[in-house]
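Below you'll find the structure, written out as structure tokens, and then a few comments.
The values are calculated or read from the model by the stated rules, or taken from the named source; none is laboratory data. All values reported here derive from a predicted model rather than from experimental measurement. Cβ placement follows ideal geometry from the backbone for every residue including glycine, while neighbour counts extend to all protein chains displayed. Accessible surface areas use protein heavy atoms only, side chains included; no ligands, DNA or RNA. Shrake-Rupley method; radii C 1.70, N 1.55, O 1.52, S 1.80 Å.
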Amino acid sequence: MKKVSKLCAMALAAAMAVSFATPISAKASYYDINKYANYGMYQTYYDVDRSVDYKTNQDGTLTPTTKTVTYKNKVTGETCVVDANGKVISGDSEKARKSYDYGIPKKITIGTDEYVDYNVVLRAGEKVKSFKVKNGKGCVSIKKAGMSVDDTYGRNSTRHFEGQDYYNGYSYDSGYAPSKTQVYNYAYRLGGRKVGTSVLELKVKDGAGLIKTLDIKVIVTNDNRVFKSLSYAGKSLLIDGNRDATNNKILYAQTKNKRGIEYTKKKSGKFKVKMGDNYKFVAAYVVKPNGYVPKTETRKSGTGYTRTTTSLERAYSRGIDLNGDGDYEDTINGIDENDFSGSSVQKIGKSAKITLNTVADQTNYTSYYTNNRTGEISDYESSYTNGNYAYTVIYIVYQNKVTKGVSYMPIPIILRVGN
């Protein structure tokens, strides 16, 4: 029998959105980085590399036409190439794109006073007979938190759960009668009580009555962080959640202002990250908005007037090129390249000197009408704004050593410019 369950990453209740157009508060980045990162919100198992031809439009923008798409599994290396219509040219699409069932991890690490959800995903006809703490009851608690059961209708079905596809090939005398074979999914909540090691015992009974016993080793630790340290220009970007921590070296506390400040005045400095024990550093990308360029448009009307508008826009780029293949249409480590129009990117390692974006958000807009016969100007309007904060976002990509899934975490750094 195949192993039947895996550690499910906890779903994040509120997404952390990073946008240059709508700045976010830096405070969230300090308080919640490790919590959000632990939940593996953006977990993926494969990259998507699109081969495209670009058409350059009159205004200098690019319009892509897809030729082929290559899927590559980041865990196994399996690849599959499809054409623009999705027809397979080579490889196995299911193997290349699938998140694999790793069964029950041999080792699970949770923090003290922390709770994680553990989902047991079973095949048709299987049931959990028992799930309990076998050894080390003082270190971990276990409680059944939920269960679902489904009958399968029709002749065949494919079930989807936590990114995994289970194909059940059933046959019935009546094509739409409920199946006598049911599919069970169980949810358990594990809680870390004190530092130490426990062993959980899971017994699963299949449709034939055979029982398989599976052991799970649970290590409870006081340090279950994704990032042990994260800093820019000598200041920490993380809050230490330990009750004895002083947090006097965080970027937020670089002032005597009791409210703290959300920014730095250092245009450049060293960025450093140290991963937690159960996480592997994959890559980091420094994403900055491009500088501003003026854009002027004129449009003649049927009433004998020409309207002229001038505004500032970030210098055009269709997106960012994360894998260096010359296009901006790929999905690398779960990050979509074409989500970042008007931006640039720099790939760095775990420790690198970086320069922040120094151009704050701003607007400068004028509009007026010109009489085509007399040259007289009318309906003139003008407005401008200058911001004080320039935003840079560092995307840290990391791999969970247990689930093998790859995730990323956006880390905003704010530079104060001007007065």
> Taking ASP277 and the conditions (1) modelled with pLDDT of 85 or more; (2) within 24 Å of ARG123 (Cβ to Cβ); (3) part of a loop (DSSP other than H, G, I, E, B), which numbered condition does it fall short on, given that it satisfies the others?
Replying inline: (2)
>> Please return the ranges of strands (runs of 3 or more DSSP E) entirely within region 43-96 where 1 or more residues are without any contact (Cβ under 8 Å) to a residue 12 or more places away in the chain.
In response: 46-56, 62-73, 88-91
> Which number in (1) buried (at least 16 other Cβ atoms within 10 Å of the Cβ); (2) farther than 30 Å from PRO412 by Cβ; (3) among the hydrophobic types (A, V, I, L, M, F, W, C) marks the one condition that ILE250 misses?
Replying inline: (2)
> Within region 396-414, can you find the residues that are under 24 Å from GLU337 (Cα atoms) and open to solvent by less than 20 Å² (accessible area, probe 1.4 Å)?
Replying inline: ILE396, VAL397, TYR398, GLY405, VAL406, SER407, MET409, PRO410, ILE411, PRO412, ILE413, ILE414
> Any idea which residue in region 353-382 is nearest to GLY304 (Cα to Cα), counting only those that are open to solvent by less than 50 Å² (accessible area, probe 1.4 Å) and in a strand (DSSP E or B)?
Replying inline: ASN371
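Test LEU202 against the stated conditions and say whether it is at pLDDT 85 or above, in contact with a strand residue (DSSP E or B) (Cβ under 9 Å, 6 or more places away or on another chain) and either in a strand (DSSP E or B) or open to solvent by 30 Å² or more (accessible area, probe 1.4 Å) (or both). Steps first, please.
Working: at pLDDT 85 or above: yes; in contact with a strand residue (DSSP E or B) (Cβ under 9 Å, 6 or more places away or on another chain): yes; either in a strand (DSSP E or B) or open to solvent by 30 Å² or more (accessible area, probe 1.4 Å) (or both): yes.
Yes; evaluated as a whole, the condition is true for this residue.
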> Could you say whether any residue in region 258-271 is more than 22 Å from LYS353 (Cβ to Cβ), modelled with pLDDT under 95, surrounded by fewer than 13 Cβ atoms within 10 Å (Cβ to Cβ) and among the charged types (D, E, K, R)?
Replying inline: yes
